[in-house]
Structures are given as C-alpha cells and as structure tokens.
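A short reminder: the numbers here are calculations on the coordinates, not readings from a lab. Quick caveat: nothing in here was measured; it's all calculated off a predicted structure.
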Amino acid sequence: MLNTQELDHTDKSKYVAVVVSAIIAGAIVFVSQDVLEWMLGIDFDNPASTSNIPPIVVTMLGKILSFSKFIGGGIIAVGVIVAVAKLSYVRTNASM
C-alpha cells in the first residue's frame with residue numbers, strides 16, 4: 001500500500017476518495033459520544049443524573065464511547081499519515 005510507485009490520475013482520485021472516507025468515518029466515531037449526549041440528554045460523566053436509564057448502563061456505554069474516541073482518533077491519524085505518505089510522493093527517477 002505504501003510502495004514507492006507513483007499513482008496515475010485515476011488511481012489518485014480513487015485513493016483520495018478512500019482516504020477522505022476513512023477520515024470522515026473516524027471523525028464520526030470521534031464525536032459519537034458528544035452527539036449521543038446531546039440527542040439523548042444523558043450525561044455520561046454523571047450517570048446518576050438520568051432517571052429512566054439505570055446508572056450502570058450509562059456508565060458502561062460511556063466507557064465504550066470513550067474508548068471509541070481513541071479508535072476514531074487513530075483512524076483519523078492513520079488516514080492523514082497514509083494520505084501524506086502516498087500522495088506527496090515525488091518521482092525522483094527522471095528516466096521513467
């Protein structure tokens with residue numbers, strides 16, 4: 001995947017689309033906890049504040065979503081690193 005061959009125009013556009021999709025997916029995973037807190041009205045940092053959901057469920061869901069932030073951040077970082085490594089390749093051999 002990170003070989004040193006230069007991408008042609010059609011491969012480059014496909015590669016950019018895949019990398020952008022990975023970055024968007026990582027961003028969605030990264031903000032999922034904040035969006036769920038806003039949509040459901042649940043405070044994952046204070047599980048006792050919810051009256052109709054058991055606090056243990058809120059605590060476990062908060063832990064899972066906090067871990068997903070690390071996964072989403074990793075996806076974003078890997079997507080950016082791979083994009084920079086692959087798309088910034090400059091041909092150094094002029095004989096091609």
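Structure notes:
- Extension gain, E37 to F70: 0.36 nm times the residue separation minus the Cα-Cα distance gives 10.1 nm.
- For the range 30-87: rounded, prolate or oblate by the Cα gyration tensor [a/c cutoff 1.5]: prolate
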